[in-house]
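To keep things clear, I will list the structure first and then write my remarks on it.
Computed from the coordinates by the stated procedures, all read-outs in this text should not be read as laboratory data. All values derive from a computational prediction rather than experimental measurement. No Cβ is skipped: glycine too gets one built from the backbone with ideal geometry, and neighbour counts run over all protein chains shown.
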Amino acid sequence: MTDPDSAARAQKVFVSGLNLRKELLNENRPLEDQWLTWVLKDERPGTGNQVVSVGDALGFNYEIKELELATLGRLPNFLLGTSLLAITPRSKELILPPWPDLVISAGRRASSVARYIKRQSGGRSFICQIMYPGSGPAADLDLIIVPSHDQIAGDNISSIVGAPNLITEKRLMEARSKWQEQFSRLPKPIIGLIVGGANKNMPFGTNQTQELASHIARYHGISGGSLIVTTSRRTGEATETLFEDLAGTNCEPSFSYRWGESGPNPYIGMLAHADTLIVTGDSVSMLSEACAAPGNVYVYVPTAFSGAKHRRFHEELFALGAARNLREHSRDWKSLQFNPAEEIAKQIIMRIDC
């Protein structure tokens, strides 16, 4: 059963990119001439890509400030305070006046840099922080974006479904062209299997690979077409077991990429070309990226899955119509394609004081 509250939350936070663009155009304001915008890009890709995606979604020029994390960045936020202690001297050289009108940051360490900038600007800089930095730093920030499955509330907090990401129409178009030769000749429909791995809430061993292979074989038996597979760093030792299990169900991939092997990673090419995406439910980022792609999205949730936050996230995607549980295969639906970066961009535009 889908939670009605999840459905209401999901519908509330979704704003299409088309509507956002219309709202921006109707303003008739050259925003890039008014706002000096800095994007504080953490060196960790999972965090850094989120802020870049929001900068892109705003639709005007911005400066990227690359943050290299220093040893002191491991200190808790109450010690970092409103300082540049979290970053290296080379990164500190980038944080100089004139101070920006808008700062987009993500993660605990970047929040201390953002707070420093706000203090140096005399409070003029508007700070949009992605991910909750803790109750102390939160009071200094203008807008904090948190995933709704975290269930954090506050006057300056806005909830979204999923994580902002770099999967845009432009990047998908580029990936379709780049991977055209590898995927265009495969029998349709193309089923893309994106595999994560074990975490503290989700086992991914022999039982899970067998279960997943069984679901894939059932789906493929109904739909026909081709199976393409990519694994991730966390798939680890389960990689070979999974491919053996797929072969055992007479469902060998037409194309596969094992994490770490030579050659370019086809991940975004798979997102661009797959008619259906089947994604393991352990990663909010992978699922968010799949939902930004055009294919129908199914989530594999192992029987032993115990992550309450992830389960809430799955339910939100199901309620929104952006994904379905792999156990509920259906031909008669089209998943909703969305990227939370667009909703965040709208929130910034609504709240910033020009």
Please state the shape class of the stretch 200-354: rounded when a/c is under 1.5, otherwise prolate if a/b exceeds b/c and oblate if not, all from the C-alpha gyration tensor.
prolate
Please compute the net charge surrounding P98, taking Lys and Arg as +1 and Asp and Glu as -1 over other residues with Cβ under 13 Å from its Cβ.
-1
Label of the coordinate-derived value, Kirkwood radius over Cα pairs in Å, listed as (i) 20.8; (ii) 21.4; (iii) 22.3:
(ii)
Above-threshold pairs, the threshold being 19 Å between Cα atoms, out of K41/K200; K41/K92; K188/K334:
K41/K200
Test of the criteria: in the stretch 227-334, which GluC sites (Glu not before Pro) are in a DSSP loop and have at most 16 other Cβ atoms within 10 angstrom of their Cβ?
E237, E261, E328
Relative contact order (%) - criterion: Cα under 8 Å, at least six apart; region: the stretch 169-325:
28
Among residues other than G307 whose Cβ falls under 10 Å from its Cβ, what is the net charge (Lys/Arg +1, Asp/Glu -1)?
+3
Within a Cβ distance under 11 Å of L326, other residues only, what is the Lys/Arg minus Asp/Glu net charge?
+1
Okay, helix-only estimate at 222 nm for the chain: each DSSP H run of n ≥ 4 adds -39500 (n - 2.57), divide by all residues, round to 500 deg cm²/dmol; what do you get?
-12000 deg cm²/dmol
Specify which residue in the list I144, G59, L227 is farthest towards the positive end of the charge dipole of the chain, using unit charges on the beta carbon of Lys, Arg (+1) and Asp, Glu (-1), about the Cα centre.
I144
Relative contact order for the chain using alpha-carbon pairs under 8 Å, separation at least 6, rounded to a whole percent?
19
Among beta bridges that DSSP assigns inside the stretch 169-325, antiparallel share in %, nearest 5
5
Whats the longest run of the chain with zero trypsin sites (Lys or Arg not before Pro) that are DSSP loop and have at most 10 other Cβ atoms within 10 Å?
1-184
